[in-house]
1. Looking only at region 507-525, which residues are open to solvent by 10 Å² or more (accessible area, probe 1.4 Å) and of a type in the set (Phe, Trp, Tyr)?
2. Do any residues in region 286-306 that are over 19 Å from residue 401 (Cβ atoms) have Cβ atoms under 6 Å from those of residues that are among the small types (Gly, Ala, Ser), where the two are at least six apart or on different chains, and which pairs are they?
3. So is residue 611 at pLDDT below 70 and under 25 Å from residue 653 (Cα atoms) or not?
4. When the residues of region 1-19 are filtered to those that are assigned to a helix (DSSP H, G or I) and surrounded by 12 or more Cβ atoms within 10 Å (Cβ to Cβ), which remaining residue is modelled with the highest pLDDT?
5. Taking residue 364, is it of a type in the set (Lys, Arg), farther than 18 Å from residue 261 by Cα and in contact with a helix residue (DSSP H, G or I) (Cβ under 7 Å, 6 or more places away or on another chain)?
6. When you go through 316, 273 one by one, which is the residue that is touching a residue at least 40 places away in the same chain (Cβ under 8 Å), open to solvent by 20 Å² or more (accessible area, probe 1.4 Å) and over 21 Å from the mean Cα position of the chain (by Cα)?
7. Restricting the search to region 583-598, which residues are open to solvent by 40 Å² or more (accessible area, probe 1.4 Å) and in contact (Cβ under 8 Å) with a residue 12 or more places away in the chain?
Amino acid sequence: LQAYERRFPTCPLIPMFVASDTVNEYKSEDEAIHVIERRCKLDIDAPRLLKKIAGVDYVYFVQKNSLNRRERTLHIEAYNETFSNRVIINEHCSYTVHPDNEDWTCFEQSASLDIKSFFGFESTVEKIAMKQYTSNIKKGKEIIEYYLKQLEEEGITFVPRWTPPVACKSESSTSHPRRPVSPAINIPESATKEGLNNKEILNTSSSPSEPTAGTPDDKLDADYIKRYLGDLTPMQESCLIRLRQWLQETHKGKIPKDEHILRFLRARDFNIDKAREILCQSLTWRKQHQVDYILDTWNPPQVLQDYYAGGWHHHDKDGRPLYVLRLGQMDTKGLVRALGEEALLRYVLSINEEGLRRCEENTKVFGRPISSWTCLVDLEGLNMRHLWRPGVKALLRIIEVVEANYPETLGRLLILRAPRVFPVLWTLVSPFIDDNTRKKFLIYAGNDYQGPGGLLDYIDKEIIPDFLGGECMCEVPEGGLVPKSLYRTAEELENEDIKLWTETIYQSASVFKGAPHEVLIQIVDASSVITWDFDVCKGDIVFNIFHSKRAPQPPKKDSLGAHSITSPGGNNIQLIDKVWQLGRDYSMVESPLICKEGESVQGSHVTRWPGFYILQWKFHSMPACATTNLPRVDDVLASLQVSSHKCKVMYYTEVIGSEDFRGSMTSLESSHSGFSQLSAATTSSSQSHSSSMISR
């Protein structure tokens, strides 16, 4: 306990532990019970951008230590105070005496993490929390031993046990029997999962166990190892053989090749238990989604073949297959809208499967083991439009799937012509990338790749692509804008039956003349922020925001009345009752915004009052000419393009609480995105500016 208490009020061995204050303390008269409660200030190792979005630099935890000298137990409880309405973290540690040996201390620790919402970055927060917790688990024993050694250096090697006062002795011996303690088991580090549960015995003689060098009877042929697997130590060879044998005995299905098993072992530093866990999860995933047959049974849609700016291009100097990706030229939003996230993921999986096949081919061609490929990413043209939030979410999910199922397949990543906006994207993406993978990244700004230590160190001059100043014609598609005519509704994407993760976050709606589509948002706290992002897929609409103190009637789907037309392509929900009067029953809180067909609109509104807010997309009727009641020729032509007076929108809305809003990325000003202006000549700069000022 004396060693543990030296961690406060701050601990230099825990850099993120900035400070702590005692908020409550209790001691019993006989000094057997000592309870102390502290408020701890932590500097979490999180991306700077995420901290900016959350609006905090530090997070606060409350820690309660309960020492019972009579029973010789110490219980530590901790929970988060910051963002407790969004994220719930509970941790419990206990130090007890081993029932069979009073000189042994048993340590038990458990924790739980429940993320309700975090501005759309739930996965990022989970990754950060798991990483911090795992590192703290590994360092906990090191810290306590550091302070024990410090006590020894000060001459303190023994602390007498607590003895009750004479008056209380007989009472304590009968009233406070020692609680039974469950036997402790010395669990080696290799068997400990990197999760939120960890049990171990603090014993100075214990050390992290490593895979033993004992091997089964058979050994791998030396020529086979050199030809197909590369240099392996006897211990690594043993791990490979044992894991392969275990799969042959227990796994029902196709046994992966040695090269593939070796990738998972390398990803976990040849810890068999950890490698076996992630390999089994990956094999189950491959079987569930028929990934082994993806190259033979799935043909990429034409949209991907035309607009996905990536492809294979010869090999690097080490013989690794070379994949070129012109990310700056890709319309990520258009691809997600036209194909859905599932199709994009499936295409990325097919690229990885093709990479594995090419590695096998190059191993035969070059006569040496080649188990990974090189990726060259050209960021020329990357700007803020690539930070479109659903696109970033899709990218993060793809990275998660690839990291889990294709470890140690990336030999080197060359990032060229990184613009100023790149650090923002990197901040969002990097927590999802394994530390070993990040070490393989080489980033060049501007034309630095042409100088010493640049591209020529890794790729032969003869195969440098023409768009990078080389002489080799690169057949990678140039990308470009995906035509909005190829955009599809959420329902259409749902029918594709290619789900590898959850459905798209966007919803689709139909808007008719006389039948607007409306969405209800209930606001409890004033100054909350309503955000939206929608595309006008067909027709022209007027976007309105209304406020009402009373709730409208339950939503009813419009039967379309006189139209007598069903709406397979989207919902049509009306909330505002026809008897309601504007100004009496509800009020307009934003000026109407006219949106033309093909435009993309993002915006936000800071609410002034609690109550019910209604977002409305309304059919836009063409105004008649000012000097005559006859419509203009342009208006007639435009109305003919809208069959049955029907419009379509795809939309996404989100509410950010007032206590957490600090200029989040989701609070984009209400304006037509610059990306859409490239394909929609109808957008005027003055319109964008005025709507931006209204929303702000």
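The values are calculated or read from the model by the stated rules, or taken from the named source; none is laboratory data. Bear in mind the structure is a predicted one, so any value in this text is a computation, not a measurement. All Cβ positions, glycine included, derive from the backbone under ideal geometry; neighbour counts span all protein chains shown. What goes into the accessible areas is simple: the full protein's heavy atoms, side chains included, and nothing from ligands, DNA or RNA. Shrake-Rupley method; radii C 1.70, N 1.55, O 1.52, S 1.80 Å.
1. none
2. 303/338
3. Numbers: at pLDDT below 70: no; under 25 Å from residue 653 (Cα atoms): yes.
When the stated conditions are applied, residue 611 does not pass them.
4. Start the filter on region 1-19 by keeping residues that are assigned to a helix (DSSP H, G or I), which leaves 2-5.
Then keep just the ones that are surrounded by 12 or more Cβ atoms within 10 Å (Cβ to Cβ); that gives 3-4.
Details: 3: 82, 4: 79.
By that ranking, first place goes to 3.
5. The answer is no for residue 364.
6. The conditions single out 273.
7. Kept after step one, since they are open to solvent by 40 Å² or more (accessible area, probe 1.4 Å), are these residues of region 583-598: 583-584, 587-588, 591-592, 594, 596-597.
Across region 583-598, the qualifying residues are 587, 588, 591, 592, 594, 596, 597.
To keep it simple, each residue is scored yes or no on (1) more than 26 Å from residue 470 (Cα to Cα); (2) at pLDDT below 90; (3) in contact with a strand residue (DSSP E or B) (Cβ under 7 Å, 6 or more places away or on another chain).
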| position | (1), (2), (3) |
| --- | --- |
| 311 | no, no, yes |
| 324 | no, no, yes |
| 341 | yes, yes, no |
| 355 | no, no, yes |
| 363 | yes, no, no |
| 375 | no, no, yes |
| 379 | no, yes, yes |
| 382 | no, yes, no |
